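Only the coordinates and a few stated rules stand behind these numbers; no lab work does. Worth saying up front: this structure is predicted, and the values here are computed from it rather than measured. In this analysis, Cβ positions are derived from the backbone assuming ideal geometry, glycine residues included, and neighbour counts consider all displayed protein chains.
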Amino acid sequence: MSKLLITGRKRLSGEAAVQGAKNSALPVLAAAALVGGESVIFNCPDLSDTDTSLNILRYLGCGARREGGAVVIKNDGVARYDIPDGLTRKTRGSIVFLGALLAKLGRAKISLPGGCDIGNRPIDLHIKALRRMGAVIRERRGMLDCRAPHGLTGTHIALDFPSVGATEDIMLAAATADGTTTLTNAAREPEIADLAEYLNRCGARVFGAGESEIVIEGVKRLSAAEHSIIPDRIAAATLLACAAVTGSQITLKGVIHSHLGAIVPVLEDAGCTFTRHENELTISAPQRLRSMKTVRTMPYPGFPTDAQAPVLAAAAVADGTTVFIENIFENRYRHASQLVRMGADIRTEGKLAVVEGVPSLYGARVEATDLRAAAALVAAGLCAEGQTAVSGVEYLERGYESLELTLSALGADIKRI
Ligand code: UD1
């Protein structure tokens, strides 16, 4: 098991390119199971989660290879409808293969997906929607056995909550369904619009993705296309948090400013200033951050739950008290107890975290328990006095393309042992 060793208090400077979005790449790779021919997906991040999706595609009978920053998926027919437990347990993103396989083969057998342990992550909305489209779904001993012997049929689906994964699963299932699907209260995350763009390049007719009503006119078949994954707004937010805690000035290259619309104002509130150029964003952080107005995680365009952990690490060293309200996932403050080991003053209760900023954190041995918690501990290590050893680094690899190399190129003292 590797660890990250960070010697804190080094200023960051320079430029960093933002990786492709993990949460776009996963549904786009699942969509490739539905699409005949050879798709080229550019800017596909090289992560353990995307590797799992590529392994699922290979298991299903597709060719899947990396070529530089792109992946090439060759789909001459999907040979299997089952996905083994060992693959689905690795990432929750694998659930979107359900919609793709049902649409492609009229059958899917998938074990309930894994992923980071950040509370109860049910898939009832996915199942309810697919049933409305005509699928017969049985759950037995952690396996979902799904059949649509007569194909899927377009219908009206109103989500009880704008779930990202359910919206994607429904889009995949509906893309080649018989008739039109109208989805209301859909998730509006940029990754949804990115998936729609890939599907539409392949011949799908998806309208309104990125808004709360999405209309999907089923087409007979989809044919492969090229697509470039959008930049990862959470990876960008993590680098901004790292700059903020170290009083640094850095420039991110390859950002879409509108995707950071909820994150930048929170850091501005903390005293950071931003300069925008076309696809570049420069952050200049003050010597000491100020506390922020209450940070509430919400579905997009609200403040993303995935950015809560690294921004909370910044609040831990700000001057004053910041309150966080986590509205999306239970159990998403597991980084708090580790930050407390580093000298932070944080109290959590249910959805609430009250962070009393301290002048300094101190290096300690800490353990990451999920992907974004790992990012928070790295940010904390960068500003702590002395040395921090972060274990649980495998979580980081699920979502960040060699974060430690990016940070050390910016001047951080961080190495993997
Ligand atoms: C996706 C992202 C994840 C992000 C999350 C919220 C991917 C691969 N992951 O996860 O990084 O943190 O969106 O922005 O894109 N829910 C139900 N029933 C369901 C589905 C969801 O109750 O059938 C609940 C969940 O328990 C959670 C909330 O809805 O409380 C949001 O979940 P959802 O939007 O589905 O997140 P994911 O797609 O799992």
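Below is a table of values for the structure above.
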{"item": "Prolate/oblate/rounded label for the chain (Cα gyration tensor, a/c 1.5)", "result": "prolate"}
{"item": "Long-range HN-HN contacts of residue 226 with modeled amide H, under 5 Å", "result": "40"}
{"item": "Contact order normalised by residue count of region 22-228, Cα under 8 Å, 6+ apart, percent", "result": "21"}
{"item": "For peptides 371-379, 5-13, 23-31, sequence by mean Cβ density within 10 Å, most packed first", "result": "371-379, 23-31, 5-13"}
{"item": "Global size of region 308-374 as Cα Rg and Dmax, reported in angstrom", "result": "10.9, 30"}
{"item": "Tilt relative to the chain, helix 164-175 - C-alpha long axis, 0 to 90 degrees, to 10", "result": "20"}
{"item": "Within the chain, longest stretch free of exposed GluC sites (Glu not before Pro) [DSSP loop, at most 13 other beta carbons within 10 Å]", "result": "1-277"}
{"item": "Charge dipole of the chain about the Cα centre (unit charges at C-beta), most positive-ward option of 146, 163, 102", "result": "146"}
{"item": "Value of D in µm² per second that Stokes-Einstein yields for region 22-228, Kirkwood Rh from Cα pairs, at 4 °C (1.567 mPa s)", "result": "79"}
{"item": "Förster radius 41 Å - calculated FRET efficiency between residue 284 and residue 48 (Cβ-Cβ, nearest 0.05)", "result": "0.75"}
{"item": "Pairs of Lys in the chain closer than 25 Å at Cα, counting only those 8 or more apart or on different chains", "result": "25"}
{"item": "Dipole in debye (nearest 20) - the chain, about Cα centre, beta carbon charges: Lys, Arg +1; Asp, Glu -1", "result": "780"}
{"item": "Shape category assigned to region 279-349 from the gyration tensor of Cα positions, a/c cut at 1.5", "result": "oblate"}
{"item": "Estimated FRET transfer efficiency (residue 405, residue 136; beta-carbon r; R0 41 Å; 0.05)", "result": "0.30"}
{"item": "Gain upon complete extension [residue 13, residue 389; 0.36 nm per residue less C-alpha separation]", "result": "133.1 nm"}
